[in-house]
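Every number here is computed from the coordinates shown, using simple stated rules; none is lab data. All of these numbers come straight from a predicted model, not from anything done at the bench. Note that we place each Cβ from the backbone using ideal geometry, even for glycine, and neighbour counts take in every protein chain shown.
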Amino acid sequence: MATTVCNESIDQLQNQVRESLGAFRSQREETDRVAALKAAQRLVNALQKPQDSVYHLAYSPTHAMCVRIALDMDIFATLTERNGPVSLDDLAAVKKASPILVERVLRILVGIDYMANVTRASISRLR
């Protein structure tokens, strides 16, 4: 019975996401965007296990610190300016940083969906 209630709840949340996205797509109003975002977050929360919430809470300071380091190293600005693949060495050279440090920061940023496509050879774009 609990599984049925859970599935029904998830189905309702999924419908709310669809409806709010439809409203946003058709009207492009800020209130519709916020409603769609909130509906999507409620669906994510329903799907998360308690361990997921604890993980996010425990590692959020690390995530914030990596974003701050990337800002200080002009990583976001460099990727935006170049608008194409940029090597780790080139990103590190902007602030004369260690490519190893840059790579470690970028791994975290990819993990929290701030960046995409990180390889040793290049970083291609922001998400």
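General observations
- Least to most buried among 38, 96 (fewest other Cβ within 10 Å first): 96, 38
- Helix-derived mean residue ellipticity, 222 nm - over the chain, DSSP H n ≥ 4, -39500 (n - 2.57), to 500: -25000 deg cm²/dmol
- Peptides 14-21, 52-59 ranked from most to least packed, by the mean per-residue count of other Cβ atoms within 10 Å: 14-21, 52-59.
- Length gained on full extension, residue 98 to residue 54: 12.7 nm, using 0.36 nm per residue less the C-alpha separation.
- Hz values of 3J(HN,Hα) by residue in region 24-29 - Karplus curve (6.51, -1.76, 1.60), Gly and Pro given as x: 5, 4, 7, 10, 6, 8
- Cross-link partners of residue 49 among lysines (Cα-Cα below 20 Å; sequence separation of 8 or more within a chain): 38
- The candidate values were (1) 1.55; (2) 2.87; (3) 1.38; the one computed from these coordinates for Cα Rg over 2.2 N^0.38 Å carries the label (3).
- Modelled FRET efficiency - R0 22 Å, residue 40 with residue 116, Cβ distances, 0.05 increments: 0.65
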